[in-house]
Each structure stands twice: as structure tokens, then as C-alpha cells.
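A quick write-up on the structure given underneath.
Values quoted throughout were computed directly from the atomic coordinates according to the rules given, and no laboratory measurement underlies them. Keep in mind the model is a prediction, meaning the values are calculated, not measured. Note: ideal-geometry Cβ built from the backbone for every residue, glycine included; neighbour counts use all protein chains shown.
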Amino acid sequence: MKRLWLEFIKGIGSENPIFFVVLGLCPTLAVSTNMTNAIGMGLAATFVLVCSNAIIALVRLWIPDKIRIPCYIVIIATFVSVVEMVLKAYAPALDRALGIFVPLIVVNCIILGRAEAFASKNPVLPSIADGLGMGCGFLVALLVISFVRETLGSGKLMGLTLSRPFEPALILSLAPGALLVMGLLIGGIRWLRSLRSS
Amino acid sequence: MADKYFVSAAPHFRKDESVGKIMGTVNAALAPAALISVYIFGWCSLGVLLVAILSAVITEALIQRCRRQPVTVSDGSAFMTGMLLAFNLPANAPLWLPAVGGVFAIAIGKQAFGGLGRNIFNPALAGRAFLMAAWPQRMTAFMRPFSVDAVTQATPLMLLKEGKASGLADMGLDYFDLFMGFRGGSLGEVCGLALVLGGVYLLWRRIISWHTPVSFILAAGAFGWIFGSPDGFFKGDFLFQILSGGLLLGAIFMATDYVTSPITNKGQLVFGTCCGLLTGVIRRWGGYPEGVCYAILIMNAAVPLIDRFVKPRRYGVTRQERNSGLARRAP
């Protein structure tokens with residue numbers, strides 16, 4: 001049980017896919033303009049991550065080594081299709097907002113990376129814990145970045161306008177703002193960690 | 001006896017130049033343009049200048065204190081960054097604008113790269129580009145000269161871009177107005193006379209060389225002359241392109257920044273010419289009316305490349321020897 005917990009918690013903390021491993025930046029930069037999109041993207045990726053990790057861990061002993069990447073992609077694409085259809089059916093607005101980035105979860109480095117680095121070498125339960133942890137880490141990172149970008153960049157929170165005494169800085173809603181916020185957050189977090197370790 | 005015999009490493013030729021002295025000279029060269037902006041736009045311009053300078057200096061001191069480095073604000077480089085940033089803002093900008101810009105220019109544009117001498121991009125221009133992307137309406141609401149109630153006025157380049165005027169006569173201006181600063185524009189860019197005075201002073205004191213500014217200005221002017229008019233080639237207004245916008249300010253004070261410009265004279269000619277051409281391209285076909293800021297920032301990124309390719313000849317080596325030496329070393 002303790003091992004499962006450790007596999008779970010490392011995805012949020014010490015091996016956070018965005019802040020420490022720095023993977024999956026493309027969707028992070030694109031959908032972190034507001035928190036609604038961030039939550040949608042984070043949950044979708046978490047679902048795919050948990051399911052694909054579980055299936056890959058189940059079949060890991062039967063997959064020939066030479067064609068393992070195509071096999072992973074097929075499994076991941078299956079779950080992405082499920083997510084996409086569910087989104088189209090029940091949350092069409094969110095689907096439109098996320099756009100191309102839902103099908104692009106197939107080639108998300110975090111998911112393929114966990115399949116290759118973890119699920120292909122570990123049994124099912126730790127793989128599920130790992131996928132859940134990485135997914136939650138991705139979600140947390142998206143929430144933090146999108147919180148900064150949405151409040152400062154458009155003066156809103158979850159789509160609601162804040163009663164604001166300042167003028168929102170448009171740049172934070174644009175692509176350069178995403179890079180700025182992410183870079184500053186990564187730098188700040190690593191600085192804090194270096195302070196603690198020294 | 002012993003203390004009269006010095007043994008030291010090269011260079012033995014010494015000059016009493018220092019970062020502080022050079023920055024002081026540049027700041028003095030900027031002073032006429034700052035003073036004239038107060039005359040043209042009134043006291044609000046002084047406020048913008050002071051807030052930008054204070055913000056830049058305080059940010060530099062705070063970050064250097066946090067990074068446990070010696071605090072070097074007394075060398076005047078942060079002061080200069082603040083002043084140049086203010087030169088890029090509308091004179092009646094709300095005071096939080098220069099404050100935020102100063103923090104960004106120093107913290108992200110300069111200290112994030114490691115401080116003075118290590119920044120890739122001109123900090124003042126980085127701050128200006130950030131403000132332009134963040135609050136575009138604030139950054140383009142330029143004040144009409146000599147107006148007490150802060151009436152805004154489009155710059156000549158904006159009028160040209162929007163197609164509201166095709167030449168100086170349509171704008172009710174002449175070259176004298178452009179050169180003296182009686183036109184809409186940012187705080188420090190309007191008065192060409194003050195900028196040229198500052199530039200001549202810097203040239204005289206040998207702080208800058210003529211290569212960057214002259215090639216920059218000529219290239220931008222020539223580009224405007226050739227492509228600047230919708231009627232056809234070679235019908236653009238050479239002098240208008242040079243005197244309007246921030247070309248003089250950018251060419252004399254921004255593109256000549258030691259840290260972010262090439263080392264050799266030849267490299268500076270390449271740098272200035274490319275800056276000028278990019279300025280022309282942005283003015284003519286870009287989304288913004290003025291392109292000096294972005295042209296310099298883009299070329300800042302290319303400076304290491306220029307320095308790599310344009311190397312001075314080694315002392316005592318002929319051109320042929322150098323070329324053959326290179327050929328021998330090539331794999």
C-alpha cells in the first residue's frame with residue numbers, strides 16, 4: 001500500500017510531468033488560458049493515462065519489444081477516442097474550446113513516456129497508481145498556470161469576471177504569456193527546492 | 001625600491017574607463033531628449049521618467065540582494081534602462097505602466113539572463129515589447145504635444161499605416177516639425193534634434209562608433225524610399241521614414257548597446273543594415289505601424305551569429321594566409 005502511495009505522490013511532487021520532467025508542454029501552453037479548459041484537459045489526460053497504463057501493464061509481457069511503440073499508440077488512441085466521443089456528446093462547448101488538443105492526447109509525451117518508462121516494466125496496480133499520480137500532477141500544474149494566466153491575463157476566474165481594480169495584461173492570454181508564466185513557475189519552484197535542500 | 005617595480009599580466013595599456021563612467025556619459029547624452037520631452041509634453045512626462053527609472057533601479061537592487069551578489073545600481077546601467085524604457089512610452093501613460101515595465105525589463109530582460117553583460121536582448125526594448133503586448137491601447141494612446149488636457153494624437157506612422165494620410169502635407173506637418181518633435185509620439189522619440197545632439201556627443205566621446213546608427217538609419221530610409229509608397233518603387237519619402245517614429249532613438253541609443261550588439265565594426269554594419277531593413281519591412285507590411293523595437297530585438301538574437309562570422313583579421317596575418325589557414329583547418 002505504501003508503495004502505491006509513493007508511486008502516486010511522486011507524479012504530483014518530485015516527478016511532476018510539467019514542473020520537473022518538463023513533458024507535455026504543447027497542450028499545457030495551448031489550453032492553460034483559462035481554468036475551465038485546464039480542468040477539462042487535465043481530467044481527459046488523467047483518464048487516458050490511467051486506462052492506458054493499466055492495459056499496457058496487463059499486456060506488457062506479450063508485446064514484442066520491436067513494435068512496442070505502435071502497440072502503445074493503438075492502446076492510447078483507443079482511450080483518446082473514447083474521451084473525444086464522450087466530450088462531443090456531453091460537453092460540446094469544452095470540446096470546441098480544447099479543439100485539436102483532445103485528439104493530440106494520443107501523442108502526448110507524458111502518456112507515452114509513462115507507458116514506456118513505467119507501465120511496460122511494472123504490474124497493473126502500481127501502473128494505475130503511477131498513471132493517476134502523473135495525471136493529477138499534470139492537472140495541478142495546468143490549474144496553477146491557468147489560474148495565473150486567467151486572473152492576470154483576462155481578469156476572470158472560471159469564466160466569471162472578477163471585480164478588478166487593475167487592467168488585465170493581455171500578453172498573459174497570448175502564447176508568449178504562457179511561456180513566461182510557465183518559465184517563471186518552473187524557475188521559482190526549482191529555486192524553492194534548492195533553498196530547502198541547501 | 002620594491003614597490004616601484006610592477007609585474008602584471010597584459011593588457012598593460014590602461015584607460016580610466018569603467019562601466020559607471022560610460023553609463024554616465026550615455027545618461028548625459030539622453031538628458032537633452034528627456035528635458036525636451038518635459039518641455040513638449042509637460043510635467044506628466046517627468047513623472048513617467050522618474051517612475052521608470054526608480055522601478056528599474058529598485059528592481060535591480062532587490063534582485064542582486066536576493067541573489068547575494070554585489071549591488072551595482074550605482075553604475076547607472078539600470079538607470080539608463082529605466083530612462084530608455086520611459087522614452088518608449090506615451091508621455092501621459094498611467095504611472096503603473098512604467099513601473100511594471102521597469103520591473104519586467106530588469107527582472108526578465110536582464111537579471112534572468114545573469115545581469116549586465118549577459119543579457120541577450122536590450123532590456124529596455126524587452127520591457128517595451130512586453131508592455132506593448134500586454135496593454136496595447138495604453139501603449140498607443142500618444143499625447144498631442146503642448147496639450148494641457150491630454151488630448152491623444154496618432155503618430156505620423158500610424159496615420160500612414162491606417163491609410164488616413166499619404167504624405168506629410170496631409171498630416172499638416174513638415175520636416176521641421178518632425179525633427180523638432182512637434183508631433184504625436186512616445187516620450188523620448190519625438191525630438192530628433194535632441195537625439196542627434198546626444199548621438200554626436202557619444203560619437204565625440206567615442207562611446208559609440210558611427211557604424212550601427214548610420215547603417216541602420218540609411219537602410220531604413222532607403223527601404224522606405226524604394227518600397228514605402230503604394231504608388232510604385234522609388235517613390236517613398238526618405239526623410240519622412242528617418243525622422244518619424246523611433247528610428248533615431250533606436251539607431252543611436254538602443255542598437256548601440258554594448259552588450260547586445262556585435263563587437264567588430266563590420267559586424268555592426270551588418271547588424272545596423274539588417275535592423276534597418278527589418279524596420280522597413282515591419283513598417284511597410286507588418287501589423288504594427290512602427291518596427292524599430294522589434295527589428296532591434298530580432299537582430300539582438302542574431303548578434304552571436306554575426307560575431308561568429310565577421311571576425312577581425314588576426315594581427316600580422318594577411319588575408320590569404322588567414323583563408324588558407326581556415327581551409328587547412330576545415331575537415
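What to note about this one:
- Ellipticity estimate at 222 nm from DSSP helix runs (n ≥ 4, -39,500 (n - 2.57)) divided over the protein assembly as shown, nearest 500: -19500 deg cm²/dmol
- Phi-based couplings in Hz for region B:57-69 (Karplus 6.51, -1.76, 1.60; Gly and Pro marked x): 5, 5, 4, 4, 5, 4, 5, 5, 5, 5, 7, 6, 10
- Positive-end residue, chain B charge dipole about Cα centroid, Cβ charges, pick of B:120, B:182, B:7: B:7
- Two-site FRET efficiency, residue B:74 against residue A:14, from Cβ-Cβ distance with R₀ of 45 Å, rounded to 0.05: 0.60
- Most mobile listed residue (B:16, B:170, B:307) in chain B, GNM with C-alpha springs under 10 Å: B:16
- Computed over the protein assembly as shown, Cα set: Rg, Dmax in Å: 28.2, 94
- Considering only the Cα atoms of chain B, their convex hull presents on average a projected area of 22.1 nm².
- Label-to-label distance, nm, for residues given as residue B:264 and residue B:318 (7 Å Cα→Cβ offset): 1.9 nm
- Inter-probe distance in nm under a simple model that places probes 7 Å from Cα toward Cβ, at residue A:22 and residue B:281: 2.9 nm
- Taking chain B as a Gaussian network of alpha-carbon nodes connected by springs under 10 Å, the highest mean-square fluctuation of the residues B:185, B:246, B:172 belongs to B:172.
- Excluding same-chain neighbours fewer than eight residues apart, the aspartates and glutamates reachable from residue B:21 by a Cα-Cα span under 15 Å are B:75, B:257.
- The protein assembly as shown - charge dipole about Cα centre, Lys and Arg +1 at Cβ, Asp and Glu -1, debye rounded to 20: 1740 debye
- Under 20 Å, Cα to Cα: Lys pairs in region A:2-139, sequence gap 8 or more or different chains: 4
- Residue B:231 paired with residue A:4, simple spin-label distance in nm, labels 7 Å along Cα-to-beta-carbon: 8.2 nm
- Here residue A:69 and residue B:65 are evaluated by their C-beta separation; at R0 = 45 Å the FRET efficiency comes out at 0.35.
- For residue B:208, the residues whose modelled amide H falls within less than 5 Å of its own, excluding neighbours fewer than 5 places apart on the same chain, are B:203.
- Residue B:35-residue B:288 FRET efficiency (beta carbon distance; Förster radius 25 Å; 0.05 resolution): 0.30
- Just checking the listed ones, B:166, B:186, B:55: in the Gaussian network model of chain B with Cα springs under 10 Å, the one fluctuating most is B:166.
- Which of A:182, A:158 has the fewest Cβ neighbours within 10 Å, and the rest in rising order: A:158, A:182
- With 26 Å as the limit on Cα-Cα distance, the pairs of B:15/B:266; B:235/B:311; A:156/B:164; B:161/B:266 that go past it are B:235/B:311; A:156/B:164; B:161/B:266.
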